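Data first, discussion second: the structure below is written as structure tokens.
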Amino acid sequence: MKKILFALSLLIGFGSWSQNGGTTEVTITGKVLEEGSNFPLEYATVAFSDTNGNIIGGGITDANGNYNIDVKAGVYNVQFEFISYKTETLSNQRLFKNTSLPTMALALDSESLAEVVVRAETTEVQIRLDKKIYNIGKDLTTSGATVSDALNNVPSVTVDVDGAIALRGNENVRILINGKPSAIAGFGDTDALRQLPAEAIERVEVITSPSARYDAEGTAGILNIILRKEKTLGFNGSIQTNFSYPLGSSATANLNIRTDKFNIFNTTGVRYNESPGNATFENVYFSDDIDNPFVDETRKYNRKRQGFNTNLGMEYFITDRSSITASGFYRMSDDNDLTTNLTSEFDADRNLAVSRSRNEDETEDDENFQFSLNYVNEFNTDGHKLTADFQWETGSETQIGLIEEFNTFPENETLPSEYITEVQDDTEYLFQADYVLPIGESAQFEAGFRSTLENTITDYTLEEQLVAGGAFVRNDSLSNIFDYTENVHAIYSQYGNKFGDFSFLLGLRMENTVLKGEVTATDVTANNAALNINFDKNFLGLFPTVNLVYELSERENVTLGYNRRINRPRNWFVNPFPSRSSEANVFQGNPDLNPAYASAFDLGYLKRWKQLTLTTSIYYQYETDSFERVQEETGLVTPNGIPIIRTIPINLSTNTRIGFEAGVLYNPAKWLRLNGSFNFFQFETEGDFNGVDYGAKNTSWFTRGSAKVTLPAKIDWQTNVFYRGPYNNAQTEFEGILSVDLAFSKDIINDNATIGFNVSDLFNSRKRRSLTETSSFTSNSEFQWRERQFNLSFTYRFNQKKERQRNRGGDGDFDGEGFEG
């Protein structure tokens with residue numbers, strides 16, 4: 001009621017002021033932000049009243065929290081008000097000339113939170129100068145899911161059935177956590193994202209044209225995952241529990257304590273799940289020396305995952321404009337995988353010759369710890385600030401595998417077993433500083449540096465039985481210790497400005513990369529004669545970035561971006577010693593592998609209507625020394641006479657990629673929200689290896705759609721559909737993949753709790769089917785990482801609104817002036 005009375009008095013004041021007239025008017029400008037987060041408050045009310053309390057004039061803020069109001073010259077009390085926030089007042093302001101008032105920071109009013117009964121609908125996507133921001137919290141299908149699952153619902157992003165993350169079809173994507181490389185995302189291994197709950201994510205930034213502030217790593221671009229950290233005053237938080245079939249359960253708590261001087265935040269989660277999968281392989285070998293050229297394999301995967309993670313931090317506000325944040329992250333997981341492989345060999349007449357059973361029992365223990373310090377000093381409210389970061393992280397992973405094999409036809413026979421132990425220890429340091437200097441009203445200069453020092457030691461031991469039931473003997477031709485160091489030092493600067501409807505951001509980053517590898521092994525010659533075992537490489541590169549925006553109108557703009565990127569090989573890509581996924585299939589790193597470099601252009605278009613937002617872009621990328629995994633015969637055979645196939649990464653000559661993508665957000669009614677995206681791309685590779693031409697040209701596409709409907713009784717229903725079209729590389733053709741997710745949710749207990757139900761992969765169709773053809777063999781395969789899953793969730797929130805409304809428009813939000821990186 002007080003809001004209505006305030007609005008009526010504001011209108012009456014306007015009328016009175018118009019009738020009184022005025023001889024001198026002045027323009028008053030300023031900005032209104034949310035306290036703590038510095039998020040701009042759109043539609044905040046600014047009212048000017050005289051010394052008698054009569055409202056003389058006023059207005060509201062725009063999407064960036066700015067206001068520009070003309071009033072009659074005089075002495076005023078200026079009142080700032082926004083729903084559910086505490087009202088602030090500047091008293092006795094002498095406004096006799098054009099004046100810019102101090103920026104006002106409004107704090108949330110915990111007493112008024114109960115008055116907010118309409119659930120706010122925040123925008124699904126925000127468009128910035130160099131990125132798109134997606135709000136994960138609105139996706140009902142991510143309840144009980146992992147971070148990896150949540151990423152698969154983000155436009156432009158795909159997650160393969162075995163966890164490989166790609167941006168616009170390119171797997172060389174850089175994963176950051178809160179803007180920095182992090183052990184939370186794993187040391188270059190995206191499998192860590194399958195162990196973190198999606199509830200820990202606040203939003204995902206898709207950065208296809210990164211500014212110079214970001215690492216140059218990742219030729220496809222960057223996915224920046226922003227974790228939850230509440231800013232609300234007092235004690236608040238939420239607890240979520242999930243129960244799944246196949247058997248799984250998890251619990252996640254997000255807790256926050258905020259006072260005027262400090263903010264303590266914590267996210268803690270535990271989870272256990274069983275994830276069955278399956279695969280089939282039909283292999284045909286062409287060599288006349290092979291007695292049984294037809295080999296069929298059927299694999300069953302029984303995976304058990306259990307883990308614990310916690311992120312605890314405290315932000316201390318030194319002054320109103322400076323703070324220091326310390327946080328610690330700990331992740332522990334204990335996994336067990338049992339793979340049963342049934343193999344049948346057939347002779348040239350398709351008669352069964354041999355059948356065997358192979359059991360691989362693998363345990364994996366992971367432990368990661370990360371400590372971070374962040375310092376922020378805002379010199380003023382116009383964006384002039386300095387930030388400094390330090391991060392230390394360490395991780396240890398131990399994999400122990402026992403491989404047992406039995407002949408079941410023509411007679412039962414126990415074969416020699418293998419025992420594999422792999423221990424990987426990681427350590428990484430990060431030092432970073434960024435300085436931002438606004439120049440005038442619309443220009444901004446930024447500079448900074450970053451150093452990352454990473455070391456990985458992998459101890460791989462293979463022990464074999466020479467005869468069934470005998471003692472295990474170390475295999476010195478495969479056992480080794482690989483010590484890998486990657487140090488990257490970078491400095492950058494960038495400058496942005498806006499002239500009328502035209503904005504630009506120009507940047508240059510210089511990075512020095514040092515790659516070192518050292519192998520310790522008893523036998524360094526077997527299988528490695530053609531490779532350099534130890535290496536020490538140094539690369540210096542310049543990486544320019546250009547981002548341009550032209551606003552055709554308030555709701556329409558065109559963007560153009562250019563950037564140069566680098567793809568550095570990870571440690572397992574350069575480890576020269578083979579490691580086997582099966583007896584007949586080995587993966588061998590290539591120490592001669594050099595970084596790949598790519599230049600990319602992106603032309604985008606944005607158009608917003610009242611209920612519809614359209615985003616489109618055309619992109620082009622040219623990459624040199626691009627990576628490609630190739631398969632070839634090693635010339636060796638297993639004890640059973642099956643040729644051993646080696647997979648090895650190489651530097652191909654070039655990779656050219658061109659594509660088009662479009663996204664639509666449509667909200668035709670309060671009860672219906674629709675969004676969809678489409679991505680079509682063509683890529684062409686050129687190059688040869690060991691006399692074999694691996695050049696290929698292919699087109700592919702993927703599309704996704706989502707519909708969210710509010711049913712009677714305030715039940716939300718969401719359906720997500722994803723389809724990836726068929727594609728191929730030089731050796732393999734892949735069929736299309738269809739996946740459908742379904743979810744329902746309802747608020748209960750006075751809207752303080754939510755109960756939800758979702759089905760992942762409704763039709764159990766998320767399977768990768770492929771055909772590989774070479775001059776010596778063909779392989780027809782089908783692989784399903786995880787079968788269909790059902791999940792029931794319950795979320796309870798205390799002292800916390802379900803969602804806070806920040807952008808009240810139903811369309812996208814474009815920030816053309818924020819040169820944010």
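Which members of the range 383-433 meet the condition of being surrounded by 17 or more Cβ atoms within 10 Å (Cβ to Cβ), in contact (Cβ under 8 Å) with a residue 40 or more places away in the chain and acidic (D, E)?
Hits for the range 383-433 are D389, E393, E404, E405, E418, E422, D426, E428.
Among the residues of the range 290-307, what is the count of those that are under 19 Å from E405 (Cα atoms) and not in a strand (DSSP E or B)? Before you say what the answer is, go through the steps one by one.
Here is the first cut: in the range 290-307, the ones under 19 Å from E405 (Cα atoms) are 292, 295-302.
Checking the rest, the ones that are also not in a strand (DSSP E or B) come to 292.
Residues flagged as under 19 Å from E405 (Cα atoms) and not in a strand (DSSP E or B) within the range 290-307 amount to 1.
Taking the stated definitions as given, is I650 within 23 Å of R570 (Cβ to Cβ) and surrounded by fewer than 21 Cβ atoms within 10 Å (Cβ to Cβ)?
Yes.
Here are some residues: D337, D320. Which one is surrounded by fewer than 17 Cβ atoms within 10 Å (Cβ to Cβ) and either in a strand (DSSP E or B) or assigned by TED's automatic domain parsing to the domain that holds R303 (or both)?
Values: D337 fails: surrounded by fewer than 17 Cβ atoms within 10 Å (Cβ to Cβ).
Of D337, D320, the one residue that is surrounded by fewer than 17 Cβ atoms within 10 Å (Cβ to Cβ) and either in a strand (DSSP E or B) or assigned by TED's automatic domain parsing to the domain that holds R303 (or both) is D320.
For the range 692-711, does any single residue satisfy the condition of being surrounded by fewer than 14 Cβ atoms within 10 Å (Cβ to Cβ) and modelled with pLDDT of 90 or more?
Yes.
Return the residues of the range 49-63 that are touching a residue at least 40 places away in the same chain (Cβ under 8 Å) and either surrounded by 15 or more Cβ atoms within 10 Å (Cβ to Cβ) or in a strand (DSSP E or B) (or both); say none if nothing qualifies.
The answer is I55, I56, G57, G58, A63.
Here are some conditions: (1) under 30 Å from D320 (Cβ atoms); (2) touching a strand residue (DSSP E or B) at 6+ places or on another chain (Cβ under 6 Å). E418 meets all but one. Which one does it not meet?
Every listed condition holds for E418 apart from (1).
Can you say whether S323 is at pLDDT 90 or above, under 24 Å from E378 (Cβ atoms) and not aliphatic (A, V, I, L, M), as far as the supplied structure shows?
Judged against the criteria, S323 is a match.
Does at least one position in the range 553-560 carry a residue that is within 25 Å of the chain's Cα centre (by Cα) and modelled with pLDDT of 80 or more?
Within the range 553-560, one or more residues are within 25 Å of the chain's Cα centre (by Cα) and modelled with pLDDT of 80 or more.
So, in the range 122-179, of the ones that are acidic (D, E) and modelled with pLDDT of 65 or more, which residue ends up nearest to L742 (Cα to Cα)?
Per the criteria, the residue is D139.
Would you mind telling me which numbered condition in (1) of a type outside the set (A, V, I, L, M, F, W, C); (2) within 27 Å of P210 (Cα to Cα); (3) in a loop (DSSP other than H, G, I, E, B) G469 fails?
Unmet for G469, out of (1) of a type outside the set (A, V, I, L, M, F, W, C); (2) within 27 Å of P210 (Cα to Cα); (3) in a loop (DSSP other than H, G, I, E, B): (2).
Would a scan of the range 369-378 turn up a residue that is modelled with pLDDT under 90, in contact with a strand residue (DSSP E or B) (Cβ under 8 Å, 6 or more places away or on another chain) and either surrounded by fewer than 15 Cβ atoms within 10 Å (Cβ to Cβ) or part of a strand (DSSP E or B) (or both)?
yes
Could you please let me know if Y214 is modelled with pLDDT of 85 or more, closer than 30 Å to L548 by Cβ and among the aromatic types (F, W, Y)?
Judged against the criteria, Y214 is a match.
Quick check on the range 629-639: of everything there that is surrounded by fewer than 19 Cβ atoms within 10 Å (Cβ to Cβ) and touching a strand residue (DSSP E or B) at 6+ places or on another chain (Cβ under 7 Å), which residue is nearest to P210 (Cα to Cα)?
Filtering the range 629-639 down to residues surrounded by fewer than 19 Cβ atoms within 10 Å (Cβ to Cβ) leaves 629, 631-639.
Now drop any that are not touching a strand residue (DSSP E or B) at 6+ places or on another chain (Cβ under 7 Å), which leaves 629, 631-634, 636-638.
Values: R629: 27, Q631: 34, E632: 37, E633: 40, T634: 41, L636: 46, V637: 47, T638: 48 Å.
Applying the filter and picking the extreme gives R629.
Would you point out which residue out of T310, T280 is under 30 Å from S355 (Cα atoms), in a strand (DSSP E or B), modelled with pLDDT of 90 or more and out of contact with any His (no Cβ under 7 Å at 6 or more places or on another chain)?
On the way: T310 fails: under 30 Å from S355 (Cα atoms).
One residue alone meets the criteria, T280.
Just checking, how many residues over the range 79-101 are loosely packed, with under 11 Cβ neighbours inside 10 Å and in a strand (DSSP E or B)?
3
Within the bounds of the range 341-360, is there any residue that is loosely packed, with under 14 Cβ neighbours inside 10 Å, of a type in the set (D, E) and free of Cβ contacts under 8 Å to residues at least 40 places away in the same chain?
The answer is yes; a qualifying residue exists.
Would you call N752 in the same structural domain as Y694 (by TED's automatic domain parsing) and surrounded by fewer than 16 Cβ atoms within 10 Å (Cβ to Cβ)?
Numbers: in the same structural domain as Y694 (by TED's automatic domain parsing): yes; surrounded by fewer than 16 Cβ atoms within 10 Å (Cβ to Cβ): no.
Judged against the criteria, N752 is not a match.
Between E411, E418, which is closer than 25 Å to E345 by Cβ and part of a loop (DSSP other than H, G, I, E, B)?
Details: E418 fails: part of a loop (DSSP other than H, G, I, E, B).
When all the criteria are applied, what remains is E411.
With (1) touching a strand residue (DSSP E or B) at 6+ places or on another chain (Cβ under 9 Å); (2) over 26 Å from D160 (Cα atoms); (3) modelled with pLDDT under 85 as the list, and T774 as the residue in question, which single condition is left unmet?
Among (1) touching a strand residue (DSSP E or B) at 6+ places or on another chain (Cβ under 9 Å); (2) over 26 Å from D160 (Cα atoms); (3) modelled with pLDDT under 85, T774 violates only (2).
Which condition number in (1) buried (at least 16 other Cβ atoms within 10 Å of the Cβ); (2) part of a strand (DSSP E or B); (3) out of contact with any Pro (no Cβ under 6 Å at 6 or more places or on another chain); (4) modelled with pLDDT under 90 is the one that Y492 fails?
(4)
With the requirement that a residue be among the polar types (S, T, N, Q) and part of a strand (DSSP E or B), what does the range 531-571 give you?
We begin by selecting, within the range 531-571, every residue among the polar types (S, T, N, Q); these are 532, 534, 538, 545, 547, 553, 557, 559, 563, 567, 571.
Listed by number, the residues that qualify are N538, T545, N547, S553, N557, T559, N563, N567.
Please determine whether any residue of the range 15-26 is assigned to a loop (DSSP other than H, G, I, E, B), β-branched (V, I, T), in contact with a strand residue (DSSP E or B) (Cβ under 7 Å, 6 or more places away or on another chain) and modelled with pLDDT under 85.
Checking the range 15-26: at least one residue is assigned to a loop (DSSP other than H, G, I, E, B), β-branched (V, I, T), in contact with a strand residue (DSSP E or B) (Cβ under 7 Å, 6 or more places away or on another chain) and modelled with pLDDT under 85.
The values are calculated or read from the model by the stated rules, or taken from the named source; none is laboratory data. Please read all numbers here as calculations on a predicted model, not as lab measurements. Don't worry about glycine lacking a Cβ; one is built from the backbone with ideal geometry, like all the others, and counts go over all protein chains shown.
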